[in-house]
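Accompanying notes for the structure given below.
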Amino acid sequence: MRTYVPTPEWIVLDWHHACIAAELLCIQRCTGCGRWRHPPRRFCPACQSDQATFEPVTGSGSVLSFAVSHRSLDPGWQAHAPYATLLVELDEGPRLLAATTTPPGEIRIGQRLAVRTEALSENFVLVWADPASHDEPTSMAPRARGNPHD
Ligand SMILES: [Zn+2]
């Protein structure tokens, strides 16, 4: 069963389009002072500039927090419950939410992650984060469960 795929608007849609075009996770960056920011905003909170670009980032980060869903309002995700949603802190600084294929019991605060994007439509990317390979226990197969939207 497929998951619901939203259609973002305005500057958030620009962010999705940047990630789709680059086939990488991109983050908004102030042209004036270089500060990374997410979610996308019109003005820089540091220097108030309205000039910004979307630039690819390393995709490296760590688990800042996570929530475990035991039920989902979206029938497309229900078959995968319980599943975790991660709050990721990128090495560049910004924080963002990400889906994960990692079972909730194997997630640890501070765990190193590799973040990737997957285009679910021409207007929407889903952000995924799973343990970085050097941090991955040998017994774990994070992609064995498949993607919940399949
Ligand atoms: Zn700035």
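Annotations for the structure displayed:
To keep it simple, each residue is scored yes or no on (1) exposed (fewer than 14 other Cβ atoms within 10 Å of the Cβ); (2) closer than 19 Å to Val125 by Cα; (3) within 16 Å of the ligand (Cβ to nearest atom).
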| position | (1), (2), (3) |
| --- | --- |
| Leu13 | no, yes, no |
| Cys19 | no, yes, no |
| Arg29 | no, yes, yes |
| Pro45 | yes, no, yes |
| Asp50 | yes, no, yes |
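- The single condition among (1) on the phi > 0 side of the Ramachandran plot; (2) more than 12 Å from the ligand (Cβ to nearest atom) that Phe66 does not satisfy is (1).
- Being touching a residue at least 12 places away in the same chain (Cβ under 8 Å), assigned to a strand (DSSP E or B) and either touching a helix residue (DSSP H, G or I) at 6+ places or on another chain (Cβ under 9 Å) or among the hydrophobic types (A, V, I, L, M, F, W, C) (or both) is a property that holds for Val63.
- Failed item, numbered, when Thr58 is tested on (1) within 12 Å of the ligand (Cβ to nearest atom); (2) touching an Asp or Glu at 6+ places or on another chain (Cβ under 8 Å); (3) in a loop (DSSP other than H, G, I, E, B): (1)
- Unique residue being farther than 23 Å from Leu24 by Cβ, surrounded by fewer than 19 Cβ atoms within 10 Å (Cβ to Cβ) and basic (Lys, Arg) when the list is Arg95, Arg108, Arg116, Arg112: Arg108
- Those residues of region 66-92 which are within 18 Å of Arg108 (Cα to Cα) and either part of a strand (DSSP E or B) or modelled with pLDDT under 95 (or both), in sequence order: Phe66, Ala67, Val68, Ser69, Tyr83, Ala84, Thr85, Leu86, Leu87, Val88, Glu89, Leu90
- Any hit, region 52-61, residues being farther than 18 Å from Val127 by Cβ and out of contact with any His (no Cβ under 8 Å at 6 or more places or on another chain): yes
The values are calculated or read from the model by the stated rules, or taken from the named source; none is laboratory data. These numbers come from a predicted model, not from an experiment. Cβ sites come from the backbone with ideal geometry, for glycine too, and all protein chains shown count toward neighbours.
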